[in-house]
Amino acid sequence: MSTSERPSRRSFFARIGSGAVAFGAAFGAQAASAQTPAPAGRFIPATHALDDWFDQAPGKHRLYLDTTTVDGMAHAVFWSNNFLNASRTGYELTDADSAIVIGARHESTPFAFTDAMWKKYGRALAEHAVFTDPTTKTVPVLNALQAADYRTLPNRGVVMDAVLKRGVRLAVCSLATRAIAGAAARQTGGAVDDINKELVANLVLNAHMVPAGIIALSRAQERGFTFNYVA
């Protein structure tokens, strides 16, 4: 081997060595990447136009009270009143600063309807709610949560209208409403569809029909409402 050949051979092996080092580094990085999973992305729920009504109240604080019983609905009315009053006295907020929704589903659904519906379909509404007028001990002919003199109920005389007029809203279960209409149809001989439409047309103030109460509570949480089940 001539003297002139030696530098070129040393240069050749040097290039091979540096390439091997680079390959090893790259391979090691890929192996480490394969062994360490990438952090999962934050879950972002899908939104549906059907649920946009949740955003119509511009309150800074959002609360969803889920109810399924008579006592639950009565407590929710009372606690909504407490929430609004304490927000005013403790934080110097106005009612408009709070977005409160009461979910009316299962046995609490009948109280989303007006006195006129209780007078006409009281038996079906009372049976669905498993409720007897606490004063007369008979089938109610009015919405007891709209009458201030029913102080034995957990709303303690705070009528539903009082909080609804302050901006509280109801999410009313369509499935339960349809079940009530079915019972009323059997009792009166009327048509289920007609009675269902009549009930929907006679909701209390600030009430909104939802496909199902159980869905509404999920959608509300996805839109930033804190959640409380009221028994």
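Residues considered: Pro154, Pro110. Of these, the only one that is crowded, with 21+ Cβ neighbours inside 10 Å, at pLDDT 95 or above, under 30 Å from Gly224 (Cβ atoms) and not aliphatic (A, V, I, L, M) is Pro110.
Taking the stated definitions as given, is Ala220 within 11 Å of Ile102 (Cα to Cα), among the aliphatic types (A, V, I, L, M), at pLDDT 95 or above and buried (at least 16 other Cβ atoms within 10 Å of the Cβ)?
Working: within 11 Å of Ile102 (Cα to Cα): yes; among the aliphatic types (A, V, I, L, M): yes; at pLDDT 95 or above: yes; buried (at least 16 other Cβ atoms within 10 Å of the Cβ): yes.
Here the answer is yes, as Ala220 does meet what is asked.
Could you say whether any residue in the range 51-74 is more than 14 Å from Met160 (Cα to Cα), among the hydrophobic types (A, V, I, L, M, F, W, C), part of a strand (DSSP E or B) and touching a Leu at 6+ places or on another chain (Cβ under 8 Å)? Checked the range 51-74: no residue is more than 14 Å from Met160 (Cα to Cα), among the hydrophobic types (A, V, I, L, M, F, W, C), part of a strand (DSSP E or B) and touching a Leu at 6+ places or on another chain (Cβ under 8 Å).
One residue stands out among those in the range 38-92 that are among the polar types (S, T, N, Q) and in contact with a helix residue (DSSP H, G or I) (Cβ under 7 Å, 6 or more places away or on another chain): the one that is surrounded by the fewest Cβ atoms within 10 Å (Cβ to Cβ), which is Thr69. Could you tell me whether Leu175 is at pLDDT 95 or above, closer than 16 Å to Ala112 by Cα and outside any helix (DSSP H, G or I)? So Leu175 fails the test.
For the range 146-161, filtered to residues that are under 22 Å from the mean Cα position of the chain (by Cα) and assigned to a helix (DSSP H, G or I), the residue that is nearest to Phe111 (Cα to Cα) is Met160.
So which residues in the range 80-96 are assigned to a helix (DSSP H, G or I) and not hydroxyl-bearing (Ser, Thr, Tyr), if there are any at all? Let's see the steps before the verdict.
Within the range 80-96, the first condition is being assigned to a helix (DSSP H, G or I), and the residues that meet it are 80-91, 95-96.
Within the range 80-96, Asn81, Asn82, Phe83, Leu84, Asn85, Ala86, Arg88, Gly90, Asp95, Ala96 qualify.
Restricting attention to the range 110-142, the residues that are at positive phi and within 28 Å of the chain's Cα centre (by Cα) total 1. The C-beta contact set for the range 177-196 (first residue within 18 Å of Pro211 (Cα to Cα), second residue loosely packed, with under 13 Cβ neighbours inside 10 Å, distance under 8 angstrom, 6+ apart or interchain) comprises Ala181/Asp193.
Taking the criterion of being out of contact with any Lys or Arg (no Cβ under 9 Å at 6 or more places or on another chain), surrounded by fewer than 17 Cβ atoms within 10 Å (Cβ to Cβ), small (Gly, Ala, Ser) and assigned by TED's automatic domain parsing to the domain that holds Asp66, would at least one residue in the range 113-135 satisfy it? Among the residues of the range 113-135, at least one is out of contact with any Lys or Arg (no Cβ under 9 Å at 6 or more places or on another chain), surrounded by fewer than 17 Cβ atoms within 10 Å (Cβ to Cβ), small (Gly, Ala, Ser) and assigned by TED's automatic domain parsing to the domain that holds Asp66, which makes the answer yes.
Just a yes or no: is a residue in the range 97-114 assigned to a helix (DSSP H, G or I), touching a Cys at 6+ places or on another chain (Cβ under 6 Å) and either farther than 23 Å from Arg62 by Cα or touching a residue at least 24 places away in the same chain (Cβ under 8 Å) (or both)? First the steps, then the outcome.
Filtering the range 97-114 for residues assigned to a helix (DSSP H, G or I) gives 97, 106-112.
Pick out the ones that are also touching a Cys at 6+ places or on another chain (Cβ under 6 Å) and you get 109.
Retained after the next criterion (residues that are either farther than 23 Å from Arg62 by Cα or touching a residue at least 24 places away in the same chain (Cβ under 8 Å) (or both)): 109.
Scanning the range 97-114 turns up at least one residue that is assigned to a helix (DSSP H, G or I), touching a Cys at 6+ places or on another chain (Cβ under 6 Å) and either farther than 23 Å from Arg62 by Cα or touching a residue at least 24 places away in the same chain (Cβ under 8 Å) (or both).
Every condition in (1) farther than 28 Å from Gln221 by Cβ; (2) surrounded by 21 or more Cβ atoms within 10 Å (Cβ to Cβ) is met by Met160 except one, and the failing one is (1).
The values are calculated or read from the model by the stated rules, or taken from the named source; none is laboratory data. This structure is a prediction, so every number in the text was calculated from the model and none was measured. We place every Cβ from the backbone using ideal geometry, glycine too, and count neighbours over all the protein chains shown.
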